[in-house]
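Reviewing the structure listed below.
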Amino acid sequence: MEAGRFVRLILTPMRVLEKIGEMREASRACRRNGGRVGLVPTMGALHEGHLSLVRAARAKCDTVAVSIFVNPTQFGPREDFSQYPRTFDRDCELLRGENVDLVFAPAVQEIYPAQPGSAGQQRAAVPAYSTWIEVAALTDRLDGKSRPGHFRGVATVVAKLFHIVEPDVAFFGQKDAAQLLIIRRMVRDLNFPIEVVGCPIVREPDGLAMSSRNAYLSSEERKLALLLNRSLREVEQAFRAGEHRIDALIRIGSDAFSLQPAVRLDYFEIVNPETLEPPAQAERSLVAVAAYVGTTRLIDNLLLEK
Ligand code: PAF
């Protein structure tokens, strides 16, 4: 182990904070000493994808804070909020291994205090909460189209986390490309003094994009889930072979699913990576896919570049 890291582990054990005031104070203490604070927002059930964000934060910042909060307002009424995997002790162990300084793990009531309900409640059950962030034109694209209100919940909770943690830098994965774009736009539009860093998708050796929801898959479904990545690769191959017509590329991607009825395609889209609008040309476009494998909804994407 590198000496600096050893000293840090001895001197600064990871702190787990549940209250907004404590979290803000811990972050401000670091900044008072001239340190840079990095935030990695998560919903827990951590995997290598999250840990790659933590490592990016560790390399760039003096204090690394990770939030673990399964945010009820980004789940639709028929989605998996109550079943979402919660593996808090294991998450903390992994984060300790990455030399994280602060874990912010608030209760639902701490973040949505007007709501008397419990962690089992969903968006419809937070009626007393009334201030929302809508990133117009972006929140109803890709996942936002099939999951109405999802990105409003994401943008709102991330804005709250930014106000609470006051990070200098925040780290998000590219896997949810629309989410990353929405957060960048929100930061720009609302003048958050925060640098947003996007980190590459982390994949299993066979190409499946890492996701906390992969834990829902049976071994049969786990094999079927490879179809998402395979459909993207087929489009990339056709693009490299000279097919640049958007509708033809979309057909190639969607056709991969028509042969496998056990996987239900939600969308297969090619969009401009900055606006999520249909692109004028395939060069520098984002290919994004969402599909249900059994009842598990998975997403993946890749960037087509000449
Ligand atoms: O990507 C996620 O895990 C969540 O959408 C986020 C950014 C932590 C907000 O709840």
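When all alpha carbon pairs of the chain are counted in 10 Å bins from zero, the resulting P(r) reads 6, 26, 34, 23, 10, 1 %. Approximating the spin labels as points 7 Å out from Cα along Cα→Cβ, the TYR129-to-ARG240 distance works out to 4.4 nm.
Apply the a/c threshold of 1.5 to the C-alpha gyration tensor of the range 169-306 and tell me whether it is rounded, prolate or oblate. Cα axes put the range 169-306 in the oblate bin. Extension gain for ASN272-ARG184 works out to 30.2 nm (0.36 nm per residue, less the C-alpha to C-alpha distance).
Think of the range 201-306 as a dipole: +1 on every Lys or Arg Cβ, -1 on every Asp or Glu Cβ, centred on the Cα centre; then among ASN272, ILE246, ALA215, ALA215 lies furthest on the positive end. Taking every alpha-carbon pair under 8 Å whose residues sit at least 6 apart, the range 207-301 reaches a relative contact order of 30 percent. Entry note, the chain: relative contact order of 16 percent, from Cα contacts under 8 Å with a spacing of 6+ residues.
Bridging of LYS145 to lysines at a Cα separation below 23 Å is possible for LYS175, once same-chain residues fewer than 8 apart are set aside. In sequence order, the range 211-226 has phi-based couplings of 7, 4, 6, 4, 5, 6, 6, 6, 5, 5, 5, 4, 5, 4, 4, 5 Hz under the Karplus curve 6.51 cos²θ - 1.76 cosθ + 1.60, θ = phi - 60°, and Gly or Pro positions carry x. Here the dipole of the chain is about 400 debye; that uses its Cα centre as origin and unit charges on the Cβ of Lys and Arg (positive) and Asp and Glu (negative). Where a ≥ b ≥ c are the square roots of the eigenvalues of the C-alpha gyration tensor, would you call the range 101-247 rounded, which needs a/c under 1.5, or, failing that, prolate if a/b is larger than b/c, or oblate? Note, shape of the range 101-247 comes out prolate. Between GLU48 and SER146, the C-beta separation translates, for a Förster distance of 35 Å, into a calculated FRET efficiency of about 0.85. How large is the helix-only mean residue ellipticity at 222 nm for the chain, computed as the sum of -39500 (n - 2.57) over DSSP H runs with n ≥ 4, divided by its residue count, in deg cm²/dmol to the nearest 500? Here the helix-only value at 222 nm equals -11500 deg cm²/dmol. 3J(HN,Hα) along the range 170-184: 10, 10, 9, x, 6, 4, 9, 5, 5, 4, 4, 5, 4, 5, 4 Hz, from the Karplus curve 6.51 cos²θ - 1.76 cosθ + 1.60 with θ = phi - 60°, whole Hz, x for Gly and Pro. Solvent-accessible surface of the chain, taken per residue with a 1.4 Å probe and all protein chains present: 46 Å². Work out which GluC sites (Glu not before Pro) in the chain are exposed loop sites (DSSP not H, G, I, E or B, at most 16 other Cβ within 10 Å) and give the longest gap free of them. Formally, the longest exposed-site-free interval is 135-242. Below 12 Å, Cα to Cα, which aspartates and glutamates can LYS160 reach? Residues fewer than 8 away in the same chain don't count. Here the aspartates and glutamates satisfying the reach criterion relative to LYS160 are GLU110.
Surface composition of the chain: carbon plus sulfur atoms hold 52% of the accessible area, using a 1.4 angstrom probe and ignoring ligands, DNA and RNA.
Please say if the range 54-112 is rounded, prolate or oblate, where rounded means a/c under 1.5 for a ≥ b ≥ c the square roots of the C-alpha gyration tensor eigenvalues, and otherwise the choice is prolate for a/b larger than b/c and oblate otherwise? Here the range 54-112 falls in the prolate category.
The values are calculated or read from the model by the stated rules, or taken from the named source; none is laboratory data. The structure presented is a predicted model; accordingly, all values stated were derived computationally and were not measured. Positions of Cβ are generated from backbone atoms using ideal geometry, with glycine treated the same way; all protein chains shown enter the neighbour counts. The accessibility values were calculated without ligands, DNA or RNA, using every heavy atom of the protein model including side chains. Shrake-Rupley method; radii C 1.70, N 1.55, O 1.52, S 1.80 Å.
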